[in-house]
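The values are calculated or read from the model by the stated rules, or taken from the named source; none is laboratory data. Just so we're clear, the structure is a prediction, and the values are computed from it rather than from any experiment. Reconstructed Cβ throughout: ideal geometry from the backbone, glycine too, with neighbour counts over all protein chains shown. Side chains included, ligands, DNA and RNA excluded: accessible areas come from the protein's heavy atoms. Shrake-Rupley method; radii C 1.70, N 1.55, O 1.52, S 1.80 Å.
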Amino acid sequence: MTGMTDRLHTLLAPGRTRALAGFALAAVLLFAVAPVLLSPFRLSLLAKFLCLAMVAVGIGLAWGRGGLLTLGQGVYFGLGAYLMAMHLKLADAGPGGVPDFMSLYGTGEVPWWWEPMRSPAATVLLIVLVPAALAGLLGWAVFTRRVRGAYFAILSQALAAAFAILLIGQQQTTGGTNGLNGFRAFFGYDLTDPVNQRMLYLIAAGVLLLMVLVARQLMVSRFGELLVAVRDAEDRVRFLGYNPAAVKTVAYVVAAVMAAVGGALFVPIVGIISPADVGVVPSIGFLVGVAIGGRATLLGPVLGSIAVSWAQTSISEQFPSGWIYFQGALFIVVIAFLPGGLASLVRRRRRRDSAASPPAPELEERPA
């Protein structure tokens with residue numbers, strides 16, 4: 001009976017109750033409200049924003065909790081996107097077929113490293129394993145040498161720039177600056193069918209919610225506490241017998257996999273992937289949304305990323321050349337006056353309300 005009571009108290013704890021309520025509200029908004037209120041075009045646009053928000057979830061874990069300023073998430077977003085795009089191009093070409101751009105720009109033969117993407121199962125596995133392996137090797141090599149702070153940020157940004165340059169130079173195998181586009185089907189489903197487009201939106205919404213659940217579980221677990229400790233006092237954690245490099249590497253790998261999955265879903269929803277979507281500028285754009293929403297919170301990165309993406313689309317429609325200036329000004333204002341992002345306003349409000357509320361009266365004990 002006591003164990004059941006303890007589990008009930010744990011389940012109804014204020015933090016967990018708010019998290020469950022927020023998750024339920026998000027599920028209702030994404031699965032019930034948005035498909036009814038939004039037009040097919042706006043719903044597809046929201047699906048694109050959700051894919052970008054998946055990258056933000058990983059950045060929030062790595063940067064907000066671990067202090068890893070990841071300026072190169074475009075690399076892992078691009079890896080997942082290009083792997084999915086390769087599969088879609090091969091599927092459109094048919095068994096043993098050659099993608100159209102290879103016949104136009106290349107030798108008319110499929111490179112050997114494209115062949116595994118003919119299999120849907122192999123493609124899904126590679127979307128997870130390739131970014132995880134790259135992030136694991138890079139993270140372990142960097143963190144064991146105690147590279148941190150601005151040095152790690154510059155290194156990750158240089159990786160994104162090199163990746164974009166590599167893609168541009170491979171016209172025959174990656175499409176060069178044009179990228180890969182013109183997809184007709186997604187695992188056998190016609191991408192021009194509105195029903196299948198809605199299905200892609202629902203998949204993106206479900207995957208995003210699943211990532212948020214995974215991120216929350218990591219944050220409240222012992223690993224999350226250790227990650228925060230490494231961020232705040234790495235040397236003390238090392239003296240206690242833990243390996244900070246291993247903790248950072250795990251967080252970096254999780255963020256990379258989330259970015260890759262977001263990129264993989266981005267391709268069939270948007271219909272194109274190019275070096276312009278994976279370079280330095282997009283990588284910084286991922287970071288801006290997280291900073292504005294609140295990097296140290298659970299939902300702040302998601303809401304900030306969606307808000308920034310929506311603002312970019314809305315402002316670009318009215319002022320095509322004005323968005324980049326607005327984005328820079330907004331980022332400077334938030335970093336200067338709200339280092340914790342817009343989520344810090346909510347925390348300040350709660351503290352003020354708690355301080356203003358009168359303490360509960362103490363019950364006087366009466367003698368027996």
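See the values below:
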{"quantity": "Which numbered condition Ile315 misses (of (1) without any contact (Cβ under 8 Å) to a residue 12 or more places away in the chain; (2) crowded, with 20+ Cβ neighbours inside 10 Å)", "calculated": "(2)"}
{"quantity": "Residue tally, condition closer than 16 Å to Gln73 by Cα, of a type outside the set (Phe, Trp, Tyr) and open to solvent by 50 Å² or more (accessible area, probe 1.4 Å), over segment 134-165", "calculated": "10"}
{"quantity": "Members of segment 166-209 found to be outside any helix (DSSP H, G or I) and surrounded by 19 or more Cβ atoms within 10 Å (Cβ to Cβ), listed by number", "calculated": "Gly175, Gly179, Leu180, Phe183, Phe186"}
{"quantity": "Among (1) in a helix (DSSP H, G or I); (2) hydrophobic (A, V, I, L, M, F, W, C); (3) in contact (Cβ under 8 Å) with a residue 24 or more places away in the chain, the one test that Val36 misses", "calculated": "(3)"}
{"quantity": "Selection status of Val130, β-branched (Val, Ile, Thr), closer than 19 Å to Val75 by Cβ and at pLDDT 90 or above", "calculated": "yes"}
{"quantity": "Residue count for segment 76-133, restricted to those that are farther than 13 Å from Val267 by Cα and part of a helix (DSSP H, G or I)", "calculated": "31"}
{"quantity": "Check on Pro40, farther than 19 Å from Val261 by Cβ, open to solvent by less than 30 Å² (accessible area, probe 1.4 Å) and either under 20 Å from the mean Cα position of the chain (by Cα) or not hydroxyl-bearing (Ser, Thr, Tyr) (or both)", "calculated": "no"}
{"quantity": "Hits in segment 39-75 (condition: in contact (Cβ under 8 Å) with a residue 40 or more places away in the chain, not hydrophobic (A, V, I, L, M, F, W, C) and not in a helix (DSSP H, G or I))", "calculated": "Gly66, Gly67, Thr70, Gly72"}
{"quantity": "Where a residue in segment 119-143 is over 11 Å from Met84 (Cα atoms) and without any contact (Cβ under 8 Å) to a residue 40 or more places away in the chain and its partner, wherever it lies, is open to solvent by 60 Å² or more (accessible area, probe 1.4 Å) and charged (D, E, K, R), with Cβ under 9 Å and at least six apart", "calculated": "Val142/Arg148"}
{"quantity": "Qualifying residues in segment 22-33 (those that are under 17 Å from Gln197 (Cα atoms) and out of contact with any helix residue (DSSP H, G or I) (no Cβ under 6 Å at 6 or more places or on another chain)) - the one most open to solvent (accessible area, probe 1.4 Å)", "calculated": "Phe31"}
{"quantity": "Some residue of segment 332-346 being surrounded by 13 or more Cβ atoms within 10 Å (Cβ to Cβ), within 25 Å of Gly206 (Cβ to Cβ), modelled with pLDDT under 85 and not basic (Lys, Arg)", "calculated": "yes"}
{"quantity": "Segments classed as helices (runs of 4 or more DSSP H), wholly inside segment 210-304, with at least 1 members that are among the β-branched types (Val, Ile, Thr) and surrounded by 24 or more Cβ atoms within 10 Å (Cβ to Cβ)", "calculated": "222-232, 244-270, 280-293"}
